[in-house]
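K.L.:
Quick one: the structure is below, questions incoming.
Just so you know, all these numbers are worked out from the coordinates, no wet-lab data involved. Please read these numbers as outputs of a predicted model, since none were measured by experiment. All Cβ positions, glycine included, derive from the backbone under ideal geometry; neighbour counts span all protein chains shown.
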Amino acid sequence: MENTVSKTLDNGLKVSVHPFPGLETTAVCLGVRFGSIDEEPRINGAAHFLEHMLFKGTKKRTWKEIDDQLKELGVRYNATTDHETTLYFMQSFKDYFGKTMEILSDMVNNSTIPENEFELERGPIINENMMHHDNPRYMISDYIPRVLYRKHPAKMSVGGDNEKTIRNTTRDDLARIYERYYTPKNCVLSIYGGISSKDALSLAERYFGVMDRKYRGLKRRAAVEKPVKRSITIERRGIRQARIGVGFLCKEYSGRDIDEFISLNLAERYIGDKLFEEIREKKGLSYDPMASYNSYSTFGFIAGVAGIEPKNYSTALKIMIGEFEKLQNGEVDKKEFERTKKSLSVETRIVREDTLSMVVAMADYELMYGGNKLLDKLPKLYSDADINDFMKYLDKYIDIDKCGTVFLKPR
């Protein structure tokens with residue numbers, strides 16, 4: 001398999017291409033270095049709002065024409081906004097990739113953010129936020145950063161607040177973000193799949209070499225908060241399931257300490273498997289106990305979560321804290337660690353045939369970590385991971401006396 005090829009176009013846009021000969025699909029992702037941590041608090045949720053609006057019309061296409069043309073080609077497409085990035089991605093049969101690139105380029109370069117569509121889209125945004133807030137699984141993910149961070153903008157919700165911000169955000173607010181940050185030097189373009197590097201770079205130059213908005217750098221700061229034991233309890237009407245989350249602050253990942261990055265990714269799987277075994281399989285208390293490692297360029301955290309019946313809150317929390325305490329004390333199952341290494345190494349090989357997942361990962365790594373060649377090395381890095389590094393980084397971050405706990409329960 002060919003390795004990733006990168007080129008910076010004359011306008012400053014960095015393009016990364018990973019050919020995978022033999023695949024019938026090719027995917028493209030335009031990533032923007034702008035997310036919820038970059039917003040003014042008064043318009044929290046604007047990055048996500050703007051993400052929606054890029055599908056709503058350009059100088060040459062209405063939203064209907066964008067939608068119809070992509071569907072006619074059988075293109076799978078979507079977008080996502082996170083704390084530090086906004087990503088637009090499309091996957092097509094390789095014969096239609098040129099047309100797919102042209103449509104994405106039109107959306108990114110020529111959006112008009114039409115006023116009538118802006119007002120209409122406010123409703124779907126509000127309802128998407130309501131959908132998330134009505135779902136304990138979604139809502140807990142919003143509150144774990146809030147309990148861990150009090151000063152850093154990581155505490156702000158990606159979706160924003162319907163009453164405080166979304167209803168008051170204006171079209172001009174979105175237009176300012178679009179003009180200031182949707183610029184070649186603040187974006188990356190990744191291409192992955194059944195296409196040669198030469199053809200991919202030629203299409204990138206043709207359709208994205210025309211981006212010409214002036215670059216305005218982002219002012220970001222890394223989190224400097226110290227871990228403190230803190231707890232939040234949220235009561236919600238209309239839900240029956242409770243949800244618990246236990247999180248621990250981690251350092252941001254800058255692309256330098258690869259051993260830490262690999263160890264904490266392994267910890268996500270190792271901890272998740274332990275929680276699944278202890279809380280679900282042995283006690284039958286939850287359907288979906290899991291863990292997640294969230295690594296950004298300005299902050300990070302690792303957490304365990306589980307959905308439970310409210311009456312089982314204390315029992316499930318005790319088990320979860322107990323599993324983290326074992327890790328804090330260096331109690332690591334060596335056989336399970338080796339199994340985790342093999343599992344992730346194999347999975348990172350399997351996912352290479354999923355062009356959509358890979359192209360999104362390429363853009364994310366480029367924007368947050370300053371490069372995506374690490375993706376090529378992940379299978380070997382997981383296989384070669386050392387248990388001593390694993391235990392060292394768990395000891396560095398896991399401290400049950402300084403964890404953040406979230407309890408979401410029915411009112």
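K.L.:
Under 16 Å from the 7 Å Cα→Cβ point of residue 10, by amide nitrogen: which residues of region 168-211?
P.N.:
184-185, 202-211
K.L.:
For the modelled label position 7 Å from the Cα of residue 99 along Cα-to-Cβ, which residues of region 42-67 have backbone nitrogen atoms closer than 18 Å?
P.N.:
Within reach of a label on residue 99, which here means backbone N under 18 Å from a point 7 Å along Cα→Cβ, region 42-67 contributes 60-67.
K.L.:
Considering every pair of different Cα atoms, what Kirkwood radius, in Å, is found for region 230-410?
P.N.:
Across region 230-410, the inverse of the average 1/r is 17.2 Å.
K.L.:
Once both axes come from the Cα atoms, what is the angle between helix 97-110 and the longest principal axis of the chain, in degrees from 0 to 90, rounded to 10?
P.N.:
90
K.L.:
Using a basic spin-label model with each label point 7 Å from the Cα along Cα→Cβ, how many nm lie between residue 257 and residue 411?
P.N.:
4.1
K.L.:
Along the Cα→Cβ direction, 7 angstrom out, place labels at residue 387 and residue 3. What is the inter-label distance in nm?
P.N.:
The answer from the label model is 3.2 nm.
K.L.:
For residue 326 and residue 24, what is the calculated FRET efficiency with R₀ set at 41 Å and r taken between the beta-carbons, to the nearest 0.05? Spell out each step's value before the answer.
P.N.:
Working: r = 46 Å, r/R0 = 1.13.
Between residue 326 and residue 24 the formula returns 0.35.
K.L.:
Quick one: Kirkwood hydrodynamic radius for region 5-208, alpha-carbon pairs, angstrom, one decimal? Let's see the in-between values first.
P.N.:
Numbers: mean 1/r = 0.0560 Å⁻¹.
The answer is 17.8 Å.
K.L.:
Let me ask you something else. Just need the Rg to Rh number for region 146-223, please, alpha carbons only, Kirkwood Rh.
P.N.:
So for region 146-223, dividing Rg by the Kirkwood Rh gives 1.11.
K.L.:
Per residue and in Å³, how big is the convex hull formed by the alpha-carbon atoms of region 75-157?
P.N.:
Once divided by residue count, the hull of region 75-157 is 144 Å³.
K.L.:
Can you give the angle from 0 to 90° between the axis of helix 374-384 and the longest principal axis of the chain, with both taken from C-alpha atoms, to the nearest 10?
P.N.:
For 374-384 against the chain, the angle is about 30 degrees.
K.L.:
Run the quick spin-label model on residue 235 and residue 282: label points 7 Å from Cα toward the beta carbon, then report their separation in nm to one decimal.
P.N.:
Reported label-point gap for residue 235 and residue 282 is 3.4 nm.
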